[in-house]
Every structure is written in C-alpha cells, then in structure tokens.
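Okay, structure first, notes after.
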Amino acid sequence: MKNKQPHSAVIRILIDVHPVLETGELDGKTLSPKELKEFDLKQKHLIQIKGFDLYDCIKNVKDTINKLKS
C-alpha cells in the first residue's frame, strides 16, 4: 500500500519584509535580497518534512506549520 511507505513533503517559504503604513497597510516596498542578507536571511527557503508513512508526514507538516504560526 502506497500510504504505508515513507513520505516527504517540501514547504516553500518566501520572505518579504514590508514597512507598515500608518493605516496598518503594508507598503509595497520590500527589503531586497541584499538587505535580507545583512540579517543572514535568504528570501527563499525550502524545508523538507519526512514521515514514516503518509499520515505521519502529514502530521509532521501540520505540526511544523503550527510552530511557524506561533
């Protein structure tokens, strides 16, 4: 059964840092990749999440996303 074999998920992260206007809206300007590098950050990241089967992989993805949200 395919669900019982190891699974891997890839989460793609794109970081855009915006100034916040007085109205609470985001300014259209973002930090450039060069400016992010000054903070030791890249604009794009890949995170690989593994599981011993499909259900474990999905659980690990959900756990990772919840950690990123908090």
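No lab work stands behind these numbers, since they all come straight from the coordinates. Since this is a predicted model, take the numbers as computed values, not measurements. For neighbour counting, all protein chains shown are included, and Cβ atoms are generated from backbone atoms with ideal geometry for every residue, glycine included.
Summary of values
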| read-out | value |
| --- | --- |
| Correct option for Kirkwood radius over Cα pairs in Å [calculated from the coordinates] among (i) 12.1; (ii) 14.6; (iii) 11.8 | (ii) |
| Neighbour-count order for Asp53, Asp27, Asp40, fewest beta carbons within 10 angstrom listed first | Asp40, Asp27, Asp53 |
| Estimated FRET transfer efficiency (Ile58, Ile15; beta-carbon r; R0 22 Å; 0.05) | 0.35 |
| Within the chain: Cβ-based charge dipole about Cα centre, in debye rounded to nearest 20 (Lys, Arg +1; Asp, Glu -1) | 540 debye |
| In the chain, the chymotrypsin sites (Phe, Trp or Tyr not before Pro) that fall in loop regions by DSSP, at most 10 other Cβ within 10 Å | Phe39 |
| Calculated from backbone phi, Karplus (6.51, -1.76, 1.60) coupling profile of the range 7-12 in Hz, x at Gly/Pro | 10, 9, 10, 10, 9, 9 |
| The range 1-19 versus the range 37-60: alpha-carbon centroid distance in Å | 5 Å |
| Rel. contact order, % - alpha carbon contacts under 8 angstrom, at least six apart, the chain | 42 percent |
| Subset of Lys2/Lys62; Lys29/Lys50; Lys29/Lys67 violating a 25 Å alpha-carbon distance limit | Lys29/Lys50; Lys29/Lys67 |
| Potential extension, Gln48-Ile65 segment - 0.36 nm per residue separation minus Cα distance | 4.9 nm |
| Charge-dipole axis of the chain as Lys and Arg at +1 and Asp and Glu at -1 on Cβ define it, positive-most pick from Ala9, Gln43, Gly28 | Ala9 |
| Over the chain: helical MRE at 222 nm, DSSP H runs n ≥ 4 each giving -39500 (n - 2.57), nearest 500 | -9500 deg cm²/dmol |
